[in-house]
Every structure is written in C-alpha cells, then in structure tokens.
Amino acid sequence: MNDRYLFKAKRTDNKEWVVGSLISMPHGGYMMDRVTDGRRFRVMINPSSICQCTGLKDKNGNLIWENDIVKINNDKVNT
C-alpha cells in the first residue's frame with residue numbers, strides 16, 4: 001500500500017495509536033481497518049485524532065503524519 005493513503009488515530013477503548021485504512025461508518029463514527037499477521041482487525045477510533053500520512057519520511061526513516069511537529073535546521077529559516 002502506498003504510504004500516502006495510510007491513516008493513524010487513537011482507539012476509543014485504550015487510547016493506543018493504530019495505523020491502517022480509514023472506514024467511515026454509515027451510522028456515524030469511524031473505524032480503522034488494519035492487517036496484522038495476515039489477519040484483519042477493525043477497531044473504533046476517536047475521530048478528533050485522525051491523521052493522514054504525508055507520504056514523506058524523516059531522516060530516521062519514520063513516516064511523517066499530518067499535525068506532526070517538525071524542526072527545520074536551516075540557518076536561513078531560523079534567523
């Protein structure tokens with residue numbers, strides 16, 4: 001899957017972050033669909049915590065998400 005189409009959000013039950021495909025439910029609310037060890041899981045998520053992946057990675061190879069706070073190390077920008 002292209003990273004740009006990944007989402008992350010906090011679960012409603014234990015507040016842990018989950019990453020996967022976003023599903024909008026017909027009755028309202030959202031679920032996250034993810035595959036772990038070849039099995040499909042769907043979990044309810046908090047809609048206010050939804051972030052989409054930018055498709056970019058930081059210098060350590062970690063994905064960058066919407067609402068992430070980044071630090072720019074560039075003398076021209078920081079002056």
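The values are calculated or read from the model by the stated rules, or taken from the named source; none is laboratory data. Everything numeric here is computed off the predicted structure, so don't read it as measured data. Note that each Cβ is placed from the backbone with ideal geometry, even for glycine, and that neighbours are counted across all protein chains shown. With ligands, DNA and RNA removed, areas are computed over all heavy atoms of the protein, side chains included. Shrake-Rupley method; radii C 1.70, N 1.55, O 1.52, S 1.80 Å.
Could you put 68, 13, 33 in order of accessible surface area, largest first, with the 1.4 Å probe and the full protein assembly present? Walk me through the numbers before you get to the answer.
Working: 68 70, 13 105, 33 20 Å².
Ranking 68, 13, 33 by accessible area, largest first, yields 13, 68, 33.
Sparse packing (at most 12 other Cβ atoms within 10 Å of the Cβ) combined with a DSSP loop state is found for the following trypsin sites (Lys or Arg not before Pro) in the stretch 6-50: 15. The string of couplings for the stretch 57-63 from the Karplus curve (6.51, -1.76, 1.60, θ = phi - 60°) is 10, 7, 5, 9, x, 7, 5 Hz, one whole number per residue in order, with x for Gly and Pro. Pairs of Cα atoms nearer than 8 Å and 6+ residues apart set the relative contact order; for the chain it is 27 percent. Within the straight-line cut-off of under 19 Å between alpha carbons, the aspartates and glutamates reachable from residue 15 are 33, 66, 68, sequence neighbours fewer than 8 places apart in one chain being disregarded. Karplus-based coupling profile of the stretch 16-26, in residue order and whole Hz: 7, 6, 10, 10, x, 8, 8, 10, 8, 8, x, with θ = phi - 60° in 6.51 cos²θ - 1.76 cosθ + 1.60 and x standing for Gly or Pro.
Kindly identify the stretch 18-67 as rounded, prolate or oblate by the Cα gyration tensor criterion: order the square roots of the eigenvalues as a ≥ b ≥ c, call it rounded if a/c is under 1.5, otherwise compare a/b with b/c, prolate if a/b is larger, else oblate. Judged from the Cα gyration tensor, the stretch 18-67 comes out oblate (a/c at least 1.5, b/c at or above a/b).
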